[in-house]
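The values are calculated or read from the model by the stated rules, or taken from the named source; none is laboratory data. Just so we're clear, the structure is a prediction, and the values are computed from it rather than from any experiment. Glycine gets a Cβ as well: all are built from the backbone with ideal geometry, and neighbour counts include every protein chain shown. Heads up: the accessible areas ignore ligands, DNA and RNA and are worked out on the full protein's heavy atoms, side chains in. Shrake-Rupley method; radii C 1.70, N 1.55, O 1.52, S 1.80 Å.
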Amino acid sequence: MAVETDFSQDGKKLTIRIKGRFDFGRHQEFRDAYERQNRRPDVVVVDLGAATYLDSSALGMLLLLRDHMGGDDAEVSVVHANSDVRKILAISNFDKLFDIS
């Protein structure tokens, strides 16, 4: 599976790990990762450590996640992105919308 989810023990943080290409082919898997949960987390972390590629549809999916979590008040962070992915996020001004580390 290219999209894996993991809740913290207290259920307040959901980590979504992307492996391989993060593109439109992952759309349904990615949405299911946060929409089809029994509980709603306070914080979502998108781990791109194993992602090899990110395109504009992935950027759109991140925006949909942010909206689902509450828009401007959402606590969504992107972690472990490689330098190429960080560059795409920076060019797209996603560093203004997400905590990227």
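A few points about this structure:
- Residue-level check: of (1) surrounded by fewer than 16 Cβ atoms within 10 Å (Cβ to Cβ); (2) part of a helix (DSSP H, G or I), E4 misses just (2).
- Residue match in region 52-59 (condition: among the hydroxyl-bearing types (S, T, Y), part of a helix (DSSP H, G or I) and either touching a helix residue (DSSP H, G or I) at 6+ places or on another chain (Cβ under 6 Å) or touching a residue at least 12 places away in the same chain (Cβ under 8 Å) (or both)): yes
- So Q37, is it in a loop (DSSP other than H, G, I, E, B), exposed (fewer than 14 other Cβ atoms within 10 Å of the Cβ) and either without any contact (Cβ under 8 Å) to a residue 60 or more places away in the chain or in contact with a Ser or Thr (Cβ under 9 Å, 6 or more places away or on another chain) (or both): yes
- Taken over region 7-29, the criterion of being of a type in the set (D, E, K, R) and either in contact with a strand residue (DSSP E or B) (Cβ under 9 Å, 6 or more places away or on another chain) or assigned to a strand (DSSP E or B) (or both) is satisfied by K12, K13, R17, K19, R21, D23, R26, E29.
- Flag for H80 being within 17 Å of E29 (Cα to Cα) and not acidic (D, E): no
- Subset of region 21-34 [open to solvent by 20 Å² or more (accessible area, probe 1.4 Å) and in contact with a Ser or Thr (Cβ under 8 Å, 6 or more places away or on another chain)]: R21, D23, F24, H27
- For region 65-94, residues that are open to solvent by 80 Å² or more (accessible area, probe 1.4 Å) and on the phi < 0 side of the Ramachandran plot total 9.
- Residue tally, condition closer than 14 Å to D6 by Cβ and surrounded by fewer than 18 Cβ atoms within 10 Å (Cβ to Cβ), over region 40-51: 3
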